[in-house]
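The values are calculated or read from the model by the stated rules, or taken from the named source; none is laboratory data. Owing to the predicted nature of the structure, the values given are computational and were not obtained by experimental measurement. Here the Cβ positions follow ideal geometry from the backbone for every residue, glycine too, while neighbour counts run over all protein chains shown.
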């Protein structure tokens, strides 16, 4: 299933993320795709807030992985850009996070290759005309409910 949305502000992006978070369960993987500055981290901030995470959520570009806890849920935000394949992704604890029931938000998911489950969500962010205007396409995997 694919849904498309147009947002015109950070607040609208957060609201979309909040609604999306309502259906998430432990072990879900969310793949974020889009250019630098397209809204991936903004969406993740809204998702984190909806999951009860307190504190600042930033891009994990340099640290690769950031863990956030809230209301009994573990949110793991990964930026795989600097990794070179499945072995590198496994080395940062991919399977351990899934075993712990983390909700995983993954930027540059193609680096994870076949580790991305069939039921992963894929969210694509595209610029539209205007400073905060974005198109966001959410696609659920073949096994996602």
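For residues that are without any contact (Cβ under 8 Å) to a residue 40 or more places away in the chain and in contact with a strand residue (DSSP E or B) (Cβ under 7 Å, 6 or more places away or on another chain), scanning just the range 101-116, find the one that is nearest to residue 37 (Cα to Cα). Give the derivation first.
Kept after step one, since they are without any contact (Cβ under 8 Å) to a residue 40 or more places away in the chain, are these residues of the range 101-116: 108, 110-115.
Okay, now just the ones that are also in contact with a strand residue (DSSP E or B) (Cβ under 7 Å, 6 or more places away or on another chain), so 108, 112.
Values: 108: 14, 112: 22 Å.
Checking each candidate, the answer is 108.
Restricting the search to the range 10-24, which residues are free of Cβ contacts under 8 Å to residues at least 60 places away in the same chain and surrounded by fewer than 16 Cβ atoms within 10 Å (Cβ to Cβ)?
11, 15, 18, 19, 22 - these are the residues of the range 10-24 that are free of Cβ contacts under 8 Å to residues at least 60 places away in the same chain and surrounded by fewer than 16 Cβ atoms within 10 Å (Cβ to Cβ).
Can you pull out the residues in the range 10-35 that are modelled with pLDDT of 95 or more and either assigned to a helix (DSSP H, G or I) or over 23 Å from residue 100 (Cα atoms) (or both)?
Passing the criteria: 11, 12, 13, 14, 15, 16, 17, 18, 19, 20, 21, 33.
Hey, among 7, 57, which residue is touching a residue at least 40 places away in the same chain (Cβ under 8 Å), closer than 23 Å to residue 137 by Cβ and touching a helix residue (DSSP H, G or I) at 6+ places or on another chain (Cβ under 6 Å)?
7
So residue 44 fits all but one of (1) within 14 Å of residue 109 (Cα to Cα); (2) buried (at least 19 other Cβ atoms within 10 Å of the Cβ); what number is the exception?
Checking residue 44 against (1) within 14 Å of residue 109 (Cα to Cα); (2) buried (at least 19 other Cβ atoms within 10 Å of the Cβ), the one that fails is (1).
Matching residues to (1) within 23 Å of residue 1 (Cα to Cα); (2) touching a helix residue (DSSP H, G or I) at 6+ places or on another chain (Cβ under 6 Å):
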residue	(1), (2)
47	yes, yes
66	no, no
70	no, no
91	no, no
96	no, no
108	yes, no
122	yes, no
127	yes, no
138	yes, no
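Among (1) within 16 Å of the chain's Cα centre (by Cα); (2) at positive phi; (3) surrounded by 16 or more Cβ atoms within 10 Å (Cβ to Cβ); (4) modelled with pLDDT of 95 or more, which single condition is residue 101 missing?
(3) is the only condition that residue 101 fails.
Of the numbered conditions (1) modelled with pLDDT of 95 or more; (2) within 18 Å of the chain's Cα centre (by Cα); (3) on the phi < 0 side of the Ramachandran plot; (4) surrounded by 14 or more Cβ atoms within 10 Å (Cβ to Cβ), residue 93 fails exactly one; give the number of that condition.
(3)
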